[in-house]
Amino acid sequence: MTQGTSAPTANSAWKLHEIRLVSRKKEIPIVETFEFEFVDSAVGQQYVARAGQFNMLYIPGYGEAAISTSGVSQNTGNIVHTIRQAGNVTNAIFRLELGQTLGCRGPYGNGWPLRDFEEKHLILIGGGIGMAPLRSVIESLRQSGWSFSKVTILIGGRSPDSLLYSAEYDQWRSSGFEVLTTVDHSTTGWQGNIGVVPSLLDRIELSDPNAAIVMCCGPEVMMNYSALAAIERGIPEDQIFFSLERHMNCAIGHCGRCQLGSYFLCTNGPVFRYNQVKELMKIPEL
Amino acid sequence: MNDFRYFRIDQFPEFLKQLMQSGYRVIAPTIDQEAIVYAEIQSIDDMPQGYTDEQKPGYYRLQHTGNQRFFDYAVGPHSWKRYLFPPLQLISTSIKSQDGWTFEDHVDEGEPYAFLGVRACELAAMRIQDRVFLEGSYVDTNYQNRRNASFIVAVNCAVPSANCFCTSMNTGPKCKSGFDIALTELSDGFLMEIGSSLGNEMVTPLGFPSATEEQLTESESISDHATEQIKKTMDTTDLRNRLMGQLEHSHWKEVADRCLSCTNCTMVCPTCFCSHVEEVPDLNQERVDRRKSWDSCFNPGFSKLHGTPVRNDTRSRYRQWLTHKLATWHDQFGESGCVGCGRCITWCPVGIDLTVEVAALCEEEP
Amino acid sequence: MPEKLRLGIFKFASCDGCQLSLLNAEEELLELAELVEFAHFPEASSRIESGPYDLVLIEGSISTPNDLDHIQKIRRQTDTLVTIGACATAGGIQALRNGANHDEFMKLVYPHPEFVQSLATSTPISNHVSVDFELRGCPVDTGQLLQIISDKLHHRKFSVPDHSVCRDCKLQNIVCVSVARGIPCLGPLTQAGCGAICPRFHRGCYGCFGPCHQTNTDGLTDWLIKDGHSSAELIPLFLNVNAEAPEFARTGAQLMRQDSAEGESHE
Amino acid sequence: MSESRTIRVGALTRVEGEGALHVSLNNNVIDRVELNIYEPPRFFEAFLRGRPLEDVPDLTARICGICPVAYQMSSACAIEAALEIEIPNEIHQLRKLLYCGEWIESHCLHMHLLQAPDFFGYSSGLELGKHFPDEVKRGLRLKKIGNQILEVLGGRSVHPVNVCIGGFYRTPVPDELQNLIPELEWGLQAAIETTHWISGFDFPDFVRDYDLISISNSSDYPWFGVTMASSKGESFDVKEYEQVICEYQVPHSTALQAQKIESRTSCLFGPLARINHSRDNFHPNARKLADRVNTQWPCNNPFQSILARGLEVVHAFEEALEICRNYQRPSESRIPYQPRAGVGMAATEAPRGTLFHHYEIDDAGLIQHATIIPPTSQNQKQIENDLRDYLPPLLSMEDDQVAQACERLIRSYDPCISCATHFLKLSIERVE
Ligand SMILES: Cc1cc2nc3c(=O)[nH]c(=O)nc-3n(C[C@H](O)[C@H](O)[C@H](O)COP(=O)(O)OP(=O)(O)OC[C@H]3O[C@@H](n4cnc5c(N)ncnc54)[C@H](O)[C@@H]3O)c2cc1C
Ligand code: SF4
Ligand code: SF4
Ligand code: SF4
């Protein structure tokens, strides 16, 4: 796996930058997308994050949380995050008013190795807040000049109103992406699929499994079943990618918190090839 | 070939004075709380003379020998990581104003410490922590400053404890590199090996004579004798793979019945580096310190994810510790995380001995 | 200026030490008074305001028939209820009566037991009403107490470290009293928070912050007994200020059974 | 026909613990005055039985969070008496220093946060602090210094952990005490200023004829000692304590009351008792100040016990300074002993008055019997008597004013009902 390439500069390990909340948008219950600008615009201009990388957002007194970039912000230098209210830090972020500031350091982690995927059939599988790091993939694909044979996006949610980014699906489709959704429990008016996300894999057209890439982010069970479904359809293990989650404290491989077997999720991940982690993920409480 | 000198025991104060005059605060073994611990000294009188220690699993006792020797004991409860990677560190301070937040990184310039009495296993431990903090993707500059500011006077072990197994880990008892000066306590003085140009600068003004062949031989035999005395062993052959193949071994549960998950082994281990950052706000939350402190994979909260620990019992936490130390450490840093100092065995309040557990874990299940 | 947090402090059977721990925040006290309204704090203020309260701190255990009713009334007027100290979180030292013969105890202390209203047990507040957070210690630590109030003020989830005393020992350069001196020490089983003061004063921890998260009491007692300590010697370690904390109570009872078995086998 | 009327007034506040006062009047003549202490029994004397003697200082400390050191000291001294352990002077000095810390802490708490607001009509020390910020901040810093002494010697201020039978678990290194000196020096001056401030308060004119009892020594102001002095009689040895003073139970209180056995009269313990008996043994600053403050000696006005506390704080600072300046670390922190059977009694002076302990120990070192007589229960009868005499001229006032006046008087004794008290309401029942 490629190492995080964001150049480590001296003193950078804990260096915080001040960012300001410029807009926020409600997505689904307890999830919103926030846009922040760097207070020091020079920092903003130098800031480059790849899809799948994350920032540590910091609210003094509450602490830091690892949050994936959920959008590409080349035009403004602004950073975009979709955040689910989970605890102290994310609650405090939700209490911010426009114009208020907080701390940010990053980007961290390896991100999805998108350049290696050119000309492939990309299958993005997201569950719940796990769509956030995939949205930045979608944005990159839409903005970059890279060519891909096909892009399929599979999205799962508990119920129709918990499908993240539903307002954008039409845009994605208009970019030529295939978008399929499914829910665990339907509500009145829902015409789409009911069932778990991996089941969607059976429905898509797969011309050449060897040219397919699966990118998966969501609850661990969901990812494991997606991988099995993908393998079932003939996709090689080393073409399936997971973005994993463990609690992160430092994000720079020094605190020891996010270990899984030999990996520090923060520096060796969070994106892994399935065959790198599948044995480790089988062992409970590792 | 390094330069070897000799000085008499009564010249020890001169050597110490030279360290201090060069601007170093000397940290050396002292006696406190019924143990040999590292603390700042002003003269050799502050050092234990005529003491040794008896160590067994979960057991440490200081003993008076009555002789005049300075270093006839093994490593105690402290390690040098206390100075290079302090248990509590200020990382930054955030100050709120009308306009927002100002974030001030705390810069530790590094105290000029001379560490006197660093053992071979401890040199190895320093090298291991260097890998973690200096040679990964990110550099801990405060660690770097502290490391750069320090001067290392190593000592070759003469009297290992019953819990030492550096020979198995290939780290001792003789110091090979990583020091500025290394001493061997001979019958009437010290053999001094110069290991760096900094070390050379330090001792040149003292004008100590070159060591004689006899002195060199005596030093060799002291180290050989120490090696022979080390009885504890750990079979490290292919240990990484052997352990990783036993992640579901029933013996993990057996250890967990005894282990208190109290963190002592990780706290005393000279290579353990896990940490935790906490917020220290004032009442108004307008000035907030961030403080980093030693943490441990034995604390349930350490692996908390969505409110519950990933490693939710002692079995999985002990497994994490042991497999990280002895197996996955190799993958991450290219070598074992254990230097064989025996601290985790001595300072475990219920005497759990990792060498014994490793042996049991590597047995095939019946 | 947002409305001040309305704080209430109530006391049941206790020594007052935990309330005093708040008054011991000498430096922060006046500042705190700016941020919170001491709506019910009889020990410090004669102005007693009726509920509802945003945050109530309860000191003391339930030990009289009156208490049973009083605690329900308080709960009904309270948004967030935090119990403070070993009495409120585990019944306190007065729970040492729980295994004993209550009538006999009454007679020992009072010439006229009939004048006195008392329950046969002293129990933690959480046995009677729902509790939002339990702050341990005998007494609680002033810093942790302030932190709880600050957490409520600033909308943080309550949390204090739940690791063992040993880590705090090591952080402070304290040499393990159990390994280096052979003193039985409850530190490995006890929740941190006190600052490891007992080992700092060269004695074994006696558990006043109660059992820590996922504590292994049997692991320690097995070792100590193998090391030559008798069950009888270890009983008072567990049956102390946190005698009713489940893990300590269970271990205390187990040691008592072992001790009487040992006694019989010697006869 | 007489008409009955019961008036309930708010809870008695700013005392340690909670209790109730019940006054019943019959045609405006006082019928009964009862200080009700619904103290939930905590059975210390019962559960101490069978415990190893080493546990006693830590266990009895839990009787009171305000004066745990007093419990540790009286219990340690009593058990040491039973074991016939002689405590060397250097360790004794450290114990005294620990006690200084508790007196400073407890007295300053009471003076600034509990009693002083009464002289200005404020409901709390925090409110007083808005109007007298300098005085209250000074008081809080003084209190903090008391706590610092406790922390240095005992790890923490409430239930310190360092006292053991025979001495201390660990004695401080000289630097630890040296470092206290600058704050103690500041504290001495600040305590003098505070006492001057208090001396200017407007004290109600209420002079009593007390039987004052405290420990009394020939040259030492009493913290420790073996001789009890009474202003109304002979002095007696602490071993005879229970022959002179007995506890008895009244239906309206779960705290046992005490009185003199022979005369069945009440007595007063605490700062007034000590200062009237022993102010000649004050250190120079406290001695000088005692002559200058606004009172007559002997002082028998309970409201002025706040002044006595101020003077005792000054003395405690001087004592603490002397101990810290002369400190050399003792070679041994505690005297070793073998458990054996014995009986021991001791009294020491808690901030609120004499605290007496009595233990019987078996040859395995287990407690067989314990009696603890705390100062507040010994003062309780006196408080009731004082109230009885204080009330008549007030009865023309509104009920709530009467109640407030009673509360003020009760507060001046600094009653420590916190040996666990349940609920305190003041009710006045008038039968007309
Ligand atoms: C690489 C990576 C990328 C991520 N990307 C995103 C993202 O894009 N968007 C996003 O929303 N999240 C993301 N996360 C998850 C996010 O970092 C965590 O949810 C983080 O913990 C939130 O911090 P917090 O302080 O708000 O919550 P925390 O306080 O850490 O709480 C997290 C969980 O723990 C529980 N909890 C907290 N304290 C306690 C307690 N004392 N007792 C019991 N339970 C408790 C909470 O209820 C909650 O379920 C990412 C995580 C990683 C590792
Ligand atoms: S694991 Fe134990 S023996 Fe190995 S280095 Fe750490 S403390 Fe020493
Ligand atoms: S003294 Fe007690 S608390 Fe400290 S490390 Fe040893 S066992 Fe743990
Ligand atoms: S008994 Fe334990 S928890 Fe209590 S003060 Fe001592 S070390 Fe701390």
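Before moving on, here are some points about what is shown:
- Residue-averaged [θ]222 nm for chain A, counting only DSSP H segments that reach four residues, each worth -39500 (n - 2.57): -5500 deg cm²/dmol
- Selected from D:34, D:176, D:102 as most flexible by GNM, with chain D as the system and alpha-carbon contacts under 10 Å: D:176
- Other protein chain C-beta atoms within 10 Å of residue C-beta, averaged over D:59-67: 6.
- Neighbouring partner chain Cβ atoms per residue of B:254-266, average, 10 Å criterion: 6
- Highest-MSF residue in chain D out of D:234, D:349, D:318 [GNM, Cα springs under 10 Å]: D:234
- Which listed pairs, of B:292/C:170; B:17/B:292; B:96/C:157; A:15/C:157; A:15/B:292, have C-alpha distances above 24 Å, in listed order: B:17/B:292; A:15/C:157
- Loop-located trypsin sites (Lys or Arg not before Pro) in the range C:162-200 (DSSP state other than H, G, I, E, B) with a sparse environment of at most 14 neighbouring Cβ atoms within 10 Å are absent.
- Computing FRET efficiency as 1/(1 + (r/R0)^6) for residue A:158 and residue C:76, where r is the C-beta to C-beta distance and R0 is 41 Å, gives about 0.70.
- Efficiency of FRET from Cβ geometry, residue B:312 and residue B:284, R₀ 45 Å, rounded to 0.05: 0.75
- Cβ neighbours within 10 Å from other chains - mean over D:120-126: 5
- Taking chymotrypsin sites (Phe, Trp or Tyr not before Pro) across the range D:33-124, the ones in a DSSP loop with at most 16 further Cβ atoms lying within 10 angstrom of their Cβ are D:120.
- For the range C:238-267 versus the range B:202-230, the gap between their alpha-carbon centres in whole angstrom: 57 Å
- Only helical runs count toward this figure. For chain D, summing -39,500 (n - 2.57) over DSSP H runs of n ≥ 4 and dividing by all residues gives -12500 deg cm²/dmol at 222 nm.
- Per-residue [θ]222 nm for chain C (sum of -39500 (n - 2.57) over DSSP H runs n ≥ 4, rounded to 500): -11500 deg cm²/dmol
- Global geometry of chain D, whether rounded, prolate or oblate, following the gyration tensor of its Cα atoms and the 1.5 cut on a/c: oblate
- Segments A:60-71, B:192-203 sorted - mean Cβ within 10 Å per residue, highest first: A:60-71, B:192-203
- Highest-first arrangement of D:59-67, A:162-170, where packing means the average Cβ count within 10 Å: D:59-67, A:162-170
- Shape call, the range D:38-97: gyration tensor on alpha carbons, a/c limit 1.5: oblate
- The alpha carbon centroids of the range B:137-168 and the range D:73-95 are separated by 47 Å.
- Placing dummy labels 7 Å off each Cα toward the beta-carbon, the span from residue D:335 to residue B:64 is 2.4 nm.
- Residues of type aspartates and glutamates that residue A:150 reaches as a straight line, Cα spacing below 13 Å, ignoring anything fewer than 8 places off in the same chain: A:118, A:119, A:178, A:205, A:208
- Mean Cβ neighbour count within 10 Å, used as a protection proxy, ranking A:236-246, D:384-394, A:261-271 highest first: A:261-271, A:236-246, D:384-394
- Straight Cα distances below 20 angstrom link residue A:25 to none of the lysines, with same-chain residues fewer than 8 positions distant left out.
- Footprinting exposure proxy for A:282, A:15 (fewest neighbouring C-beta atoms within 10 Å first): A:282, A:15
- The lysines within cross-link reach of residue D:143, meaning a Cα-to-Cα straight distance under 28 Å and a gap of 8 or more places when in the same chain, are C:4, C:11, C:152, D:96, D:130, D:288.
A short reminder: the numbers here are calculations on the coordinates, not readings from a lab. Just so you know, these numbers come straight off a predicted model, no measurement behind them. Here the Cβ is made from the backbone with ideal geometry for all residues, glycine too, and neighbour counts use every protein chain on show.
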